[in-house]
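What follows is a set of notes on a single structure, which appears directly below.
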Amino acid sequence: MHATGIIAEYNPFHNGHQYQINWVKEHFPATTLVIAMSGNYLQRGEPACFDKWVRAREALQAGADLVVEIPFGLCMQPADRFAQSGVAVLQQLGVENLVFGAEHSNYDFKDLAQKSQDLTWDYQRYNISYAALYQQAVKEAVGFEITQPNDLLGLAYARAALALAPTLNLVPIQRQAAGYHDQKLPTGGHIASATAIRQNIHEPDMVKKFVGAQTWMDIKQETSVTWTNLWPLLRYRLLTATPEQLATIYGMAEGIQYRMQEQLQLAPVSLDFDTWLKKVKTKRFTYTRLSRLALATVLNISTAEVEQAWAHPFVRILGFNRTGQNYLSIQKKKIAWPVVTNVNKELKKTLLSLDYRVGKVYQMFNHQEQDMRRAPIRIGV
């Protein structure tokens, strides 16, 4: 059996994602479509609008055959490490093609990855962010500037494939209509950015034409989670922890915890998360990096825990249809990582201890059990 993979967040699943799945079904009609998806927290450092089970069902209803979760410690990472995580998960599942959207689908991403294989720089010498320095190094390596988010992610996938899965076939497809960061719903067409849909998630009728039936039902019925929910927890952590305690948080560097605390202590009680983030930002710390750091602070994620997660990865099955179930039954014998379908008392204390803990925090807001007694979703099985 052949498999094609997509690395996704589906925050939430919308018509642009449906277009991508339809494209795979048309061009690889005999393939099993495997989705490696972020869980309850996303690469950019924010909670997913709906939990992993809701979003997995949206994908399965839209035509995915098998949905697996990228473990939390591997997911909440800079783009290059997130790409490495997604590729590693798909490689474990024997995926042969990786399909991804790109602003410039004509780029030869494998060639660009070869040219940028040995990027090196002295980060400490420059008063700019890691992301800006990375783009600068890429430009010097490949001969032109790559600035669009999905193009950069495509390059990260290609670089990860070069290291982990050299035979993986990279299939970029042209990103449709809406830009990645578009804030407003378009007046024409049926494709909007996930950002614009989230901005209007409390107005179901406004977003109806941009999402499928399952997502629209979820928007009407499910409890959405945002940084507004987590903000009081972050304030508490920053007001009560010492700088020395915060120094152990994953991603904390260059004494940024002092600035995080100071900007909160000096602010009025009415301060919101986005305003605080703008006050904390520096040339060295992008909004995305700070958001990931804030999330790690809320969830009390230590550097040691993340290192442990990378040392002991696993494949978490979120759902499948009959095709996905048959593929998984064949592929399971070849997977080197532990395959998790149900979380028991032993797993929540050992292999899944980090994922279980952060799932419990998410559960505080949507009131749905995230791990214990949650079997994979079955569609048509």
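Annotations
- Of the residues in region 341-351, at least one is out of contact with any helix residue (DSSP H, G or I) (no Cβ under 8 Å at 6 or more places or on another chain), under 29 Å from LEU93 (Cβ atoms), among the hydroxyl-bearing types (Ser, Thr, Tyr) and modelled with pLDDT of 95 or more.
- Filter result (farther than 23 Å from ALA36 by Cβ and surrounded by fewer than 22 Cβ atoms within 10 Å (Cβ to Cβ)) within region 298-319: ASN300, SER302, THR303, ALA304
- Residue match in region 336-345 (condition: out of contact with any Asp or Glu (no Cβ under 9 Å at 6 or more places or on another chain), open to solvent by 30 Å² or more (accessible area, probe 1.4 Å) and outside any loop (DSSP other than H, G, I, E, B)): yes
- LEU264, sole failed condition from (1) touching a Lys or Arg at 6+ places or on another chain (Cβ under 8 Å); (2) closer than 27 Å to TRP53 by Cβ: (2)
- Extreme residue, farthest from CYS75 (Cα to Cα), among residues of region 353-362 that are out of contact with any strand residue (DSSP E or B) (no Cβ under 8 Å at 6 or more places or on another chain) and touching a residue at least 24 places away in the same chain (Cβ under 8 Å): VAL361
- Which listed residue is β-branched (Val, Ile, Thr), open to solvent by less than 50 Å² (accessible area, probe 1.4 Å), more than 21 Å from the chain's Cα centre (by Cα) and more than 24 Å from LEU290 (Cβ to Cβ), from VAL171, VAL207, VAL211: VAL207
- The single condition from (1) open to solvent by 50 Å² or more (accessible area, probe 1.4 Å); (2) at pLDDT 90 or above that GLN136 fails is (2).
- Of the residues LEU93, LEU152, LEU112, the single one that is modelled with pLDDT of 90 or more and over 29 Å from LEU290 (Cβ atoms) is LEU93.
- Contact map, region 131-142: first residue within 17 Å of ARG81 (Cβ to Cβ), second residue at pLDDT below 80, Cβ cut-off under 8 Å, separation 6 or more or different chains; pairs are LEU133/TRP121; LEU133/TYR123; LEU133/TYR126; TYR134/LEU119; ALA137/LEU119; ALA137/THR120; ALA137/TRP121; VAL138/LEU119.
The values are calculated or read from the model by the stated rules, or taken from the named source; none is laboratory data. This one's a predicted model, so the numbers in the text were calculated from it and none came from an experiment. No Cβ is skipped: glycine too gets one built from the backbone with ideal geometry, and neighbour counts run over all protein chains shown. Only protein heavy atoms, including side chains, enter the accessible area calculation; ligands, DNA and RNA are left aside. Shrake-Rupley method; radii C 1.70, N 1.55, O 1.52, S 1.80 Å.
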